[in-house]
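Visitor: Shown below is the structure under consideration.
Please treat every number below as a calculation from the coordinates, not as lab data. All figures in this text were calculated on a predicted structure; none of them were measured in a lab. Cβ placement follows ideal geometry from the backbone for every residue including glycine, while neighbour counts extend to all protein chains displayed.
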Amino acid sequence: MEKKDIIQSFKDSLFTGLIALALFGPIVGLRTVSKGEGLFITPQWGVVFLLVGLCILGRFLININSARRTEFKIFSTLSSKFSSVTEDKAKHFAITGILFAVVFPFLPFTDRYFMDVAIMILTYIMLGWGLNIVVGLAGLLDLGYVAFYAVGAYSYALIATTFGWSFWICLPLAGVFAAFFGILLGFPVLRLRGDYLAIVTLGFGEIIRIILINWYEVTNGPDGITGIPRPSFFGLPFKRSPDEGETSFHLFFNLEYSTMHRIIFLYYLILVLALITNYFTLKIRKLPVGRAWEALREDEIACKSLGVNPTNTKLTAFAIGAMFGGFAGSFFATRQAFISPESFTFIESAIIVAIVVLGGMGSQTGVVLASIFLIGITEMFRDLEQYRMIAFGGAMVLIMVFKPKGILANRKPTILMHGDKK
Amino acid sequence: MSNLLSVENLTMKFGGLTAIDDLSFDAKNNQITSIIGPNGAGKTTVFNCLTGFYKPTNGQMFLHKEDSKISLRKYTDFKIAYVAKVARTFQNIRLFPAMSVLENLLVAQHNELMVASGYSLFGLLNLKTYRDKEQLAVDKAKYWLDIIGLTHRADDNAGDLPYGDQRKLEIVRAMCIEPRLLCLDEPAAGLNPKESAELNKLLKFIKTEKQTGILLIEHDMSVVMGISDHVVVLNYGKKIFEGTADQTKNSKEVIEAYLGVDE
């Protein structure tokens, strides 16, 4: 490494430090504390300098690493470890992953907390897979995906509480409603692309949330909907003491009553729903409509010149993506038994988009890895309360530095003429 | 030889600018008709009108079919390719770069495959009828790839091909929709002499073997003079000359338009 390079990287790092100082200074440094009758500012410069120091050091290491010298091998080996996980190996990875997911609830270290985190990760994986159709395949940047999640959840909640129908009837209905809203959103945004599309979809997400807050007669406004029926195991409810004339799950199978039964059932439910989403996406990607989605992402004008109807193609992408969002939403509603508009804020959309983009646009396995990485890390730092979002941001920065195109960016053709050559 | 396309009094205005001014010409079946002219003469605008990207201010364009004729004005957008079977390529290549060569050719057969897959339903059920149709589509793609000698690269990304091969791929992709009229916008731009010669061969093959008329915009005179049956010369949106390649070469008006007039 030449001296010039080092000085250059050092300068650059100091500049990064300056930006970090400008950001962290007011955000972290000036803390407001309410004492007695007033609000006082307590400076905490120590923390600020620690954070700025970390930024300078990190930037310096990245700079030196990118100068491609052998002295600092840590980063390059780390990043090549990641790249070795190509889509080819992804198949083995997927099978191992599914097997692990199936036995997960019965592993010795699995407790209630682990199960909850796993269910949450699986929900995000399913949402990621659903959004992958819209963003990854069709290339339509949708920042309001949470709207369909909300439509699914509210449709499920309203139908189930009003008519008392079972989960298995309400689930497809919720999917249909969400798909309908997908088409509803699709029509006005047909001509838009890129940034403009992103802004309109973002607005759509907010519109849905605000309607949910204000349409008090139907949605019960900010109070949300309570008492959403829990799913039953093919007619057997998970209750300690079932109503008269009913048999509950633990009595039927002669088990000791445990709240874990329901958690495990919910876990398998979301696992199956997510796998269905995945299977469907993998299949449809190889069909003409899937190829048309990808072609539309690549070049819309060329698509038109070949007679591909862009309207129908986009609308199917929106509708199918929204349908899976709706399924995930009804699962969310039945799991929580309570929903309110607060669960469907913009940050949810942002997290799902982040999962799809960081996973590698269009890569199904990438979505899984990104969900585990992003949600898992954020959960690990839950004790830090609001600072855990720093971990979330840090995880995003790490992926962007090492894998700027996403964790798994390799795309495999949907059809091969010469078969697999290894 | 019968008429394939007749353009009648075509006019296209953008605000105060008249890009095409009262243009009329015919193109015949199994012939290559070239449109040439200096930069800004309105050649690409003619294409954009023909292929439904622009709606002309005035005038008519007819595509003749046995004894009936259809007006291209009625079709816009994707329907030009889907219903009227007019295909085109672009001045700056528009392939689907991140998709494989074979996939590019299958997207061109989207509409037939969409019906064959029962709008995805049969496809999801993996029925044999769909798989057979898909195989036919792959065979058709292979037929064209054999002709341009790219079969060995069928599974590579289209964006990874050399420039000349991308040009040829774009042309055969357009041919995969089985067009009656093929509009090529500067297919020889950026090609070396050897690639230009291959392009000439490909265009001659399409002209003689397929029931397709070709409309060509080109600056490369070796291509224009080598293969055109008929040449239309535009300048400032007006037709200044029409005739065979040899007649064009010796026309005083054409030389003036390109090189200017002696004072």
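Visitor: What list of ³J(HN,Hα) values in whole Hz, one per residue of segment A:156-173 in order, does the Karplus curve 6.51 cos²θ - 1.76 cosθ + 1.60 (θ = phi - 60°) give from phi, with Gly and Pro shown as x?
Guide: 4, 4, 5, 5, 5, 7, 7, 9, x, 6, 7, 3, 6, 8, 5, 4, x, 4
Visitor: Then there's this: Counting alpha carbon pairs within less than 8 Å and at least 6 residues apart, what relative contact order, in whole percent, applies to chain A?
Guide: Relative contact order comes out at 24 percent.
Visitor: Report for chain B the percent antiparallel among DSSP-assigned beta bridges with both residues inside it, nearest 5.
Guide: Of those bridges, close to 60 percent are antiparallel.
Visitor: Another question about this same structure. Report the semi-axes of the equivalent ellipsoid for the protein assembly as shown in whole Å, largest first, where each axis is √(5λ) for an eigenvalue λ of the Cα gyration tensor.
Guide: Each semi-axis is √(5λ); the values are 55, 33, 25 Å.
Visitor: Points 7 angstrom from Cα along the Cβ direction at residue B:127 and residue B:210: gap in nanometres?
Guide: Label-label distance for residue B:127 and residue B:210, simple model: 3.0 nm.
Visitor: Can you give me the distance in nm between label points at residue B:66 and residue A:258, each placed 7 Å from the Cα along the Cα-to-Cβ direction?
Guide: 7.6 nm
Visitor: Relative contact order, percent, of segment B:95-176 when contacts are C-alpha pairs under 8 Å separated by at least 6 residues?
Guide: Reported as a whole number, the value is 50 percent.
Visitor: Can you tell me which of A:161, A:259, A:42 moves the most in a GNM of chain A? Springs connect C-alpha atoms under 10 Å apart.
Guide: In the Gaussian network model the winner is A:42.
Visitor: Explain nothing, just the number: dipole magnitude of the protein assembly as shown about its Cα centre with +1 on each Lys and Arg Cβ and -1 on each Asp and Glu Cβ, in debye rounded to the nearest 20.
Guide: Charge dipole of the protein assembly as shown: 860 debye, to the nearest 20.
Visitor: At each listed q (0.13, 0.14, 0.15 Å⁻¹), what is the log10 of I(q)/I(0) that the Debye formula gives for segment A:83-402 modelled as equal alpha-carbon point scatterers?
Guide: At q = 0.13, 0.14, 0.15 Å⁻¹ the computed log10 ratios are -0.99, -1.14, -1.29.
Visitor: Pull out a ≥ b ≥ c, the square roots of the eigenvalues of the alpha-carbon gyration tensor of segment B:190-235, then state rounded if a/c is under 1.5, prolate if not and a/b is larger than b/c, and oblate in the remaining case.
Guide: oblate
Visitor: Let me ask something additional. Take the alpha carbon gyration tensor of chain B, find the square roots of its eigenvalues, order them as a ≥ b ≥ c, and report rounded if a/c is under 1.5; if not, report prolate when a/b exceeds b/c, else oblate.
Guide: Since a/c reaches 1.5 and a/b is larger than b/c, the shape of chain B is classed as prolate.
Visitor: Could you compute the net charge surrounding residue B:196? Neighbours are other residues with a C-beta less than 14 Å from the C-beta of residue B:196; K and R count +1, D and E count -1.
Guide: Residues near residue B:196 contribute -1 overall.
Visitor: Then there's this: Let me check I have the definition right: for segment B:171-263, take the eigenvalues of the Cα gyration tensor, multiply each by 5, take square roots. What are those semi-axes in whole Å, largest first?
Guide: Whole-Å semi-axes of the equivalent ellipsoid: 26, 15, 12.
Visitor: Next up: Using only the alpha-carbon atoms, how far is helix A:346-359 inclined from the longest principal axis of chain A? Give it as 0 to 90 degrees, nearest 10.
Guide: The angle comes out at about 70 degrees.
Visitor: How far, in degrees from 0 to 90, does helix A:364-380 lean away from the longest principal axis of the Cα atoms of chain A, to the nearest 10?
Guide: Tilt of helix A:364-380: around 80 degrees.
Visitor: Helix A:45-66 against the longest principal axis of chain A: what's the angle in degrees, Cα atoms only, rounded to the nearest 10?
Guide: Approximately 80 degrees, to the nearest ten.
Visitor: Sticking with this structure for a sec: If you take every residue apart from residue A:284 with its C-beta less than 12 Å away from the C-beta of residue A:284, what net charge results, scoring Lys and Arg +1 and Asp and Glu -1?
Guide: +3
Visitor: If I take every Cα pair under 8 Å that is 6 or more residues apart in segment A:3-72, average their sequence separation and divide by the length, what percent do I get for the relative contact order?
Guide: Computed value for segment A:3-72: 38 percent relative contact order.
Visitor: Can you tell which of A:213, B:7, A:289 lies farthest toward the positive end of the dipole of the protein assembly as shown, using +1 and -1 charges on the Cβ of basic and acidic side chains (Lys, Arg; Asp, Glu)?
Guide: A:289
Visitor: Roughly what % antiparallel, to the nearest 5, for the DSSP beta bridges in the protein assembly as shown?
Guide: So the antiparallel bridges in the protein assembly as shown amount to around 65 percent.
Visitor: I need the calculated FRET efficiency for the pair residue A:380 and residue A:211, taking r as the beta carbon distance and R₀ as 56 Å, to the nearest 0.05.
Guide: The value I calculate is 0.95.
Visitor: Could you work out [θ]222 nm for chain A from helices alone, using -39500 (n - 2.57) per DSSP H run of at least four and dividing by all its residues? Round to the nearest 500 deg cm²/dmol.
Guide: -21500 deg cm²/dmol
Visitor: Can you give the average number of partner chain beta-carbon atoms within 10 Å of each beta-carbon in peptide B:107-116, as a whole number?
Guide: 6
Visitor: How many Cβ atoms of partner chains, on average, are near each residue of A:290-301 if near means within 10 Å of its Cβ?
Guide: Mean partner-chain Cβ count within 10 Å for A:290-301: 5.
Visitor: I've got another one for you. In terms of modelled amide H atoms, which long-range or inter-chain residues lie less than 5 Å from the amide H of residue B:90?
Guide: Sorted by chain and number, the residues that satisfy this are B:185.
Visitor: Rg to Rh ratio, segment A:3-72, alpha-carbon atoms and Kirkwood radius?
Guide: Rg/Rh for segment A:3-72 comes to 1.23.
Visitor: Sticking with this one: Once you put a point 7 Å from the Cα of residue A:400 and another 7 Å from the Cα of residue A:312, both along the Cβ direction, what distance in nm separates them?
Guide: 4.0 nm
Visitor: Name the residue, out of A:229, A:404, A:26, whose mean-square fluctuation peaks in a Gaussian network model built on chain A with Cα pairs under 10 Å.
Guide: Maximum fluctuation in the GNM of chain A, among the listed residues, is at A:26.
Visitor: Let me ask you something else. Sum up the charges of everything whose Cβ sits under 13 Å from the Cβ of residue B:76, counting Lys and Arg as +1 and Asp and Glu as -1, but leave residue B:76 out.
Guide: Net local charge, residue B:76 excluded: +4.
Visitor: Filter A:403/B:79; B:85/B:201; B:65/B:239 down to the pairs with a C-alpha to C-alpha distance above 30 Å, please.
Guide: In this structure, A:403/B:79 lie more than 30 Å apart at Cα.
Visitor: Other chains near B:138-147: what is the mean number of their Cβ atoms within 10 Å of each residue's Cβ?
Guide: Across B:138-147, the average partner-chain Cβ count within 10 Å equals 1.
Visitor: Related question: Considering just Cα atoms, how many Å³ per residue does the convex hull of segment B:95-176 enclose?
Guide: 83 Å³
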